[in-house]
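Below: one structure, written as structure tokens.
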Amino acid sequence: MKYRADIDGLRSLAILPIVLFHAGFSTFSGGFVGVDIFFVISGYLITSIIAGEMDEGRFSLWRFYERRIRRIFPALFAMLLVSSCAAWVLLFPLDLQAYGESVVASTGFFANISFWRQSGYFDTQSDLKPLLHTWSLAVEEQFYLFFPLLLLAFHRWTNSQRALVWALLICSFALSLYGVSHWRDAAFYLIPTRAWELLIGSVLALRAAPVLRGATLREGLAALGLALILIPVFAYDSRTPFPGLAAMPPCLGSALIIWTGDRESPTRVARLLMMRGFVLIGLMSYSLYLWHWPVIVFSHHWALEAHGPGDKIALVLVSLAFAFASFRWIEDPTRKLGARVSQPAVFASATLAALLLFAIGGLFWRDGFLNRYPQPLQKLLVEHEAQTRGFRGLMEGAGGHRVEGLPPGGFVTADPALPPQIAIWGDSHVGAILSGLTEAAKPQAAPRFSVFALGGCRPIVGVFLADDPRPDCKVHNDAVLAYLRGGPEKKVILLSRWPISLFGDVRAQGRGAMPGTIARAPGVSLPEAEGVALFKEALGRTIDALQAAGKEVVLVDAIVDLPINASHQTFKRLLREPQAGAMTWDARPYRERFTLTEDVLTDLQKTRTFLRIRPRDALCEDWRCAYYANGRLLYTDNNHLSEAGALALAPLLRQALR
């Protein structure tokens with residue numbers, strides 16, 4: 001097919017928002033739609049090549065796959081090798097093991113499946129996964145693997161390729177719409193709900209859209225296409241349900257720009273995209289996509305402080321430097337080798353390189369190589385890993401006893417033949433504080449707890465999660481309340497990460513960075529004032545229902561959550577300063593988040609009688625909050641207490657057990 005400079009310019013329009021979004025420039029909050037632009041471009045170019053060669057009777061699957069290897073593998077494998085060296089130096093054992101798994105998945109082009117399976121409440125935050133971006137490469141490679149076979153079959157047997165593409169596109173889009181509403185993670189990562197974006201490009205390549213006539217129409221549609229791309233870049237953010245319907249504007253915009261493109265009489269938009277700067281960035285776009293994310297992620301693993309504006313600009317510039325080097329000395333030369341390297345040699349070299357990466361990934365995955373660190377830090381890392389695994393197991397009921405009559409997921413901590421005395425109901429903070437409650441019961445015999453915890457789900461009846469389209473949270477809470485109304489427990493302890501329900505995550509100063517996480521309908525965020533009113537009303541209703549059932553209610557205020565991962569921060573500090581003492585952070589810029597939450601809970605107390613316990617009294621002094629003390633971690637991440645942190649609350653928790 002003929003070269004089109006405007007498509008390289010369109011690539012720059014895809015990659016630049018991605019890089020700026022990932023670097024942390026909040027203006028480009030919807031920069032992730034650049035991936036969808038790439039999908040449309042890939043679908044168009046690949047289908048154009050395949051269909052053209054089929055029409056000429058010279059299409060070969062082996063030659064097609066050889067070209068894909070030449071185009072994709074060299075720069076990808078170079079990035080994986082360099083990233084693996086950086087991972088060895090910068091990643092702590094648990095992170096290195098997770099990285100090893102992602103190397104295997106990225107090399108085998110099933111990273112999208114791997115990251116989908118990892119996604120969930122206990123998963124590592126995305127900005128600490130160096131190879132997360134390879135999920136989109138996996139989607140494209142899976143498309144390249146199967147789509148040519150379908151086109152070839154229809155070309156030989158029915159010659160109805162257009163009908164096939166339209167049918168696949170419609171089915172995939174419908175599945176994407178359904179998936180966003182029912183299983184958002186799968187809809188984001190997997191090819192059945194993403195294929196329609198590539199197939200939009202295929203429709204254009206197969207000329208299944210009418211030929212455009214008239215300069216005015218072409219100019220108008222091209223301008224519309226540019227607007228459909230740029231508006232989501234600035235208007236979307238992490239709350240936007242995606243892909244589904246929200247992915248249509250950038251995909252349609254990309255298709256309009258390709259559709260209206262003409263080398264002989266380009267539109268104004270096409271002439272803009274054909275400018276040298278845009279074309280140059282577009283030519284480097286694959287390398288820039290490969291390298292920018294590891295550069296950014298490894299910088300997070302190294303830095304002790306959050307990145308400022310200067311750091312973000314530096315990360316973009318470093319990413320561009322890596323991309324230029326990769327394009328100049330890896331991509332371009334391997335593409336120009338052409339017939340000088342035989343097809344068997346191409347497949348053999350790719351296989352050997354893949355085997356090497358599988359071996360590296362497998363070693364990392366099996367062994368986090370703890371012995372890289374000084375002995376005192378090794379001990380802390382082992383303790384952290386054991387607690388992290390134990391915490392996850394506890395949240396899944398390991399170590400507890402399933403008893404008939406308890407709601408799904410509930411368990412008791414002592415002899416299942418004896419009725420539980422105290423119920424603990426909440427989100428994952430229940431698992432984090434359980435060791436403190438057990439310690440608080442000493443020297444008396446440990447009370448028999450019944451435990452009801454669902455990650456991310458507040459113990460509030462009648463509400464849904466704004467960040468999850470499923471009704472699981474409400475179903476869980478309704479079942480727990482129904483049980484407790486007739487259960488033997490005399491006391492119910494309510495425990496949750498309350499501020500996130502009201503003000504979202506702790507990434508920004510003040511209240512928070514996002515709307516609260518409770519809602520009147522699943523997956524639908526509320527304005528702050530409405531969310532606060534719903535929280536107060538629904539939590540009050542929950543407390544009233546428990547007290548009406550004869551239960552004494554104890555409410556544990558929020559654990560002060562941090563804008564950093566406390567365990568990573570501690571490990572990094574100890575590597576630099578092995579003799580470092582207690583570590584604290586200044587919570588004053590964030591205290592509005594906690595004081596406003598406490599005010600809401602105080603308002604509830606004005607008309608009800610229940611005991612409140614404030615963990616901040618044990619962990620903070622004048623808004624300086626400890627996360628490492630006496631040689632032990634007090635947090636396992638940025639909001640869950642470690643065993644030592646929970647034990648620090650034991651004196652306060654004794655009040656709850658009297």
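The values are calculated or read from the model by the stated rules, or taken from the named source; none is laboratory data. Quick caveat, the model's predicted, so the values are computed rather than measured. Positions of Cβ are generated from backbone atoms using ideal geometry, with glycine treated the same way; all protein chains shown enter the neighbour counts.
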Hey, does the range 602-612 have a residue that's farther than 28 Å from Gln421 by Cα, assigned by TED's automatic domain parsing to the domain that holds Ala548 and assigned to a helix (DSSP H, G or I)?
-> yes
Can Thr570 be described as under 30 Å from Trp302 (Cβ atoms) and of a type in the set (Val, Ile, Thr)?
-> yes
For the range 574-594, state whether one or more residues are of a type outside the set (Val, Ile, Thr), in a loop (DSSP other than H, G, I, E, B), in the same structural domain as Lys536 (by TED's automatic domain parsing) and without any contact (Cβ under 8 Å) to a residue 24 or more places away in the chain.
-> no
Restricting the search to the range 337-355, which residues are without any contact (Cβ under 8 Å) to a residue 60 or more places away in the chain and assigned to a helix (DSSP H, G or I)?
-> Gly338, Ala339, Arg340, Pro344, Ala345, Ala348, Ser349, Thr351, Leu352, Leu355
State which residue is farthest from the chain's Cα centre (by Cα) when the search covers only the range 356-381 and only residues that are aromatic (Phe, Trp, Tyr) and part of a helix (DSSP H, G or I).
-> Phe358
Could you list, in sequence order, the residues of the range 7-44 that are under 16 Å from Leu252 (Cα atoms) and acidic (Asp, Glu)?
-> Asp36
Could you tell me which residue of the range 141-177 is farthest from Ile41 (Cα to Cα), considering only residues that are surrounded by 13 or more Cβ atoms within 10 Å (Cβ to Cβ) and hydroxyl-bearing (Ser, Thr, Tyr)?
-> Ser176
Filter the range 156-192 for residues that are within 20 Å of Gly253 (Cβ to Cβ) and polar (S, T, N, Q); which is farthest from the chain's Cα centre (by Cα)?
-> Ser172
Long-range neighbours under 9 Å by Cβ, at least six apart or interchain, first residue within 24 Å of Ser287 (Cβ to Cβ) within the range 50-71, second assigned to a loop (DSSP other than H, G, I, E, B) = Glu66/Ser60; Arg70/Val341
Test: Ser285 is within 18 Å of Phe73 (Cβ to Cβ), among the polar types (S, T, N, Q) and modelled with pLDDT of 95 or more = yes
In the range 359-385, anything exposed (fewer than 15 other Cβ atoms within 10 Å of the Cβ) and under 30 Å from Trp62 (Cα atoms) is listed as Ala359, Gly362
Within the range 188-224, work out how many residues are touching an Asp or Glu at 6+ places or on another chain (Cβ under 6 Å) and either without any contact (Cβ under 8 Å) to a residue 40 or more places away in the chain or over 15 Å from Leu45 (Cα atoms) (or both).
-> 0
